[in-house]
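Input: a single structure, listed below in structure tokens.
The values are calculated or read from the model by the stated rules, or taken from the named source; none is laboratory data. These figures come from a predicted structure and were not determined experimentally. Cβ placement follows ideal geometry from the backbone for every residue including glycine, while neighbour counts extend to all protein chains displayed.
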Amino acid sequence: MPPIQFVVDRRAAGQTLAAVLKLRLGLSWAQAKRLVENKHVKVSGQVETDVARRLKLGKRVEVAAGTVEVKRVELPKKPESSPHKPEPPKKPEKRAAPKEKPAEAPAVRLPPSCIVYQDDAVVVVNKPVGLTTMRHADEAAEFGARGKRFLPKTLADLLPAALGAPDRSVIAVHRLDRDTSGLVVFARTRAAAESLTKQFRKHTTERRYLALTRGVPVARRIESVLVRDRGDGRRGSTTDLVAEDGKRAVTHVSVPEALGRFALVECRLETGRTHQVRIHLGEAGAPLCGETVYDRPLDGKPYPDGSGAKRPMLHAAKLGFAHPESGDAVSWEVAPPEDFAAVLARLRKEASRG
């Protein structure tokens with residue numbers, strides 16, 4: 001079965017990727033979301049993992065072969081009547097089987113060990129890999145309150161129960177990628193959310209990431225203007241300093257440990273843009289181990305990856321901010337998860353062999 005391909009027309013332009021897949025392929029919201037999150041969908045030839053991405057007119061969408069079946073319904077041909085033969089009696093129509101209701105998302109609980117700190121104003125969490133931080137606003141609006149129960153739970157969905165207050169929702173003020181582990185803070189009051197949001201916008205928070213890279217980057221300060229599409233469908237830096245959607249991004253890179261063809265890298269964020277670390281390291285010629293999006297130059301081929309990593313090796317190791325109520329400087333630091341540690345150990349072993 002070949003891949004399914006189509007071009008975004010005027011009716012679909014401006015809609016989210018999930019909405020377009022649902023309409024064009026007759027999928028449920030959950031099926032469309034699952035296709036994207038499992039990296040089965042490409043936009044303009046590049047894997048797209050953001051279900052809420054707004055598609056532009058003329059963009060080519062490709063769904064991997066064998067991942068979805070498009071059912072084509074053909075109208076039955078009208079039997080030819082004959083003046084000499086009576087038409088056979090019509091068979092009673094069979095009633096269509098009732099449509100199966102989409103299955104609700106399985107119940108998931110957040111391990112108590114993930115909660116690093118909590119009080120009446122904030123909760124700091126060590127986010128596991130594979131869990132989305134929060135529901136995107138556009139996605140929440142399109143799926144609606146009823147459809148939400150069929151979607152995989154986010155960290156923001158699971159936290160209230162883990163905190164022993166299932167009826168008291170938390171407020172997300174920043175986010176980590178689904179495949180990124182590490183520290184993230186949620187507010188528990190509106191006042192705390194406003195304080196934290198202001199700190200993130202003014203870039204006064206402390207955020208340090210650990211990364212495993214293929215290639216050893218130069219220790220330096222990287223500054224660029226990031227745009228949603230650098231010219232090949234990927235986010236990236238632009239030379240147009242006054243780009244309409246451009247956002248200044250600054251990352252401070254250091255290299256605690258060179259590992260032959262790989263490296264353990266620390267990145268301190270001065271700003272916090274979407275995929276900032278992944279983009280800056282990729283454009284520096286040292287993409288993350290396991291990276292499959294920001295792993296190549298513009299219109300170029302992917303850099304080789306012999307790390308064996310199954311996801312982008314990025315971990316939010318340290319988080320600090322001024323506490324919204326006391327104003328005191330607070331910070332936390334957590335070690336990378338087991339899969340990160342395993343890849344690091346393997347790269348160290350290979351590097352020691354020369």
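Table: residues versus (1) in contact with a Phe, Trp or Tyr (Cβ under 9 Å, 6 or more places away or on another chain); (2) under 26 Å from P128 (Cα atoms).
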residue	(1), (2)
L264	no, yes
C289	yes, yes
D305	no, yes
A351	yes, no
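Contact map, the stretch 301-319: first residue at pLDDT 95 or above, second residue hydroxyl-bearing (S, T, Y) and in a loop (DSSP other than H, G, I, E, B), Cβ cut-off under 8 Å, separation 6 or more or different chains; pairs are P312/T180; P312/T292; M313/S307; L314/T180; H315/T180; A316/T180; L319/T205. Applying the set (1) loosely packed, with under 15 Cβ neighbours inside 10 Å; (2) among the small types (G, A, S); (3) modelled with pLDDT of 85 or more to S44 leaves exactly one unmet item: (1). One residue stands out among those in the stretch 222-242 that are touching a residue at least 60 places away in the same chain (Cβ under 8 Å) and among the charged types (D, E, K, R): the one that is nearest to D305 (Cα to Cα), which is R234.
Would you confirm whether or not the stretch 243-254 contains a residue that is in contact (Cβ under 8 Å) with a residue 40 or more places away in the chain, charged (D, E, K, R) and surrounded by fewer than 18 Cβ atoms within 10 Å (Cβ to Cβ)? No: the stretch 243-254 contains no residue that is in contact (Cβ under 8 Å) with a residue 40 or more places away in the chain, charged (D, E, K, R) and surrounded by fewer than 18 Cβ atoms within 10 Å (Cβ to Cβ). Answer yes or no: is there a residue in the stretch 173-186 that is under 30 Å from V61 (Cα atoms) and over 21 Å from the mean Cα position of the chain (by Cα). No, every residue in the stretch 173-186 fails to be under 30 Å from V61 (Cα atoms) and over 21 Å from the mean Cα position of the chain (by Cα).
For every residue, the table says whether it meets (1) surrounded by 17 or more Cβ atoms within 10 Å (Cβ to Cβ); (2) among the basic types (K, R); (3) within 25 Å of P152 (Cα to Cα).
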residue: F6; (1), (2), (3): no, no, no
residue: R10; (1), (2), (3): no, yes, no
residue: L17; (1), (2), (3): yes, no, yes
residue: V20; (1), (2), (3): yes, no, yes
residue: L25; (1), (2), (3): yes, no, yes
residue: W29; (1), (2), (3): yes, no, yes
residue: A32; (1), (2), (3): yes, no, yes
residue: L35; (1), (2), (3): yes, no, yes
residue: H40; (1), (2), (3): yes, no, yes
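Among residues of the stretch 229-242 being under 22 Å from T292 (Cα atoms) and polar (S, T, N, Q), the one that is surrounded by the most Cβ atoms within 10 Å (Cβ to Cβ) is S237. With respect to (1) under 30 Å from K310 (Cβ atoms); (2) under 21 Å from the mean Cα position of the chain (by Cα), the lone exception for V218 is condition (2). Checking each residue in the stretch 276-327 for being surrounded by 22 or more Cβ atoms within 10 Å (Cβ to Cβ), in a loop (DSSP other than H, G, I, E, B) and among the polar types (S, T, N, Q) picks out only S307. Does V185 satisfy the criteria of being closer than 25 Å to G290 by Cβ, modelled with pLDDT of 95 or more and of a type outside the set (S, T, Y)? No; evaluated as a whole, the condition is false for this residue. Checked against the criteria, E69 does not count as among the acidic types (D, E) and at pLDDT 80 or above.
Filtering L226, L264 for residues that are surrounded by 14 or more Cβ atoms within 10 Å (Cβ to Cβ) and in contact with an Asp or Glu (Cβ under 6 Å, 6 or more places away or on another chain) leaves a single hit, L264.
Scanning the stretch 162-213 for residues that are crowded, with 17+ Cβ neighbours inside 10 Å, part of a loop (DSSP other than H, G, I, E, B) and in contact with a helix residue (DSSP H, G or I) (Cβ under 6 Å, 6 or more places away or on another chain) yields V170, V173, H174, T205.
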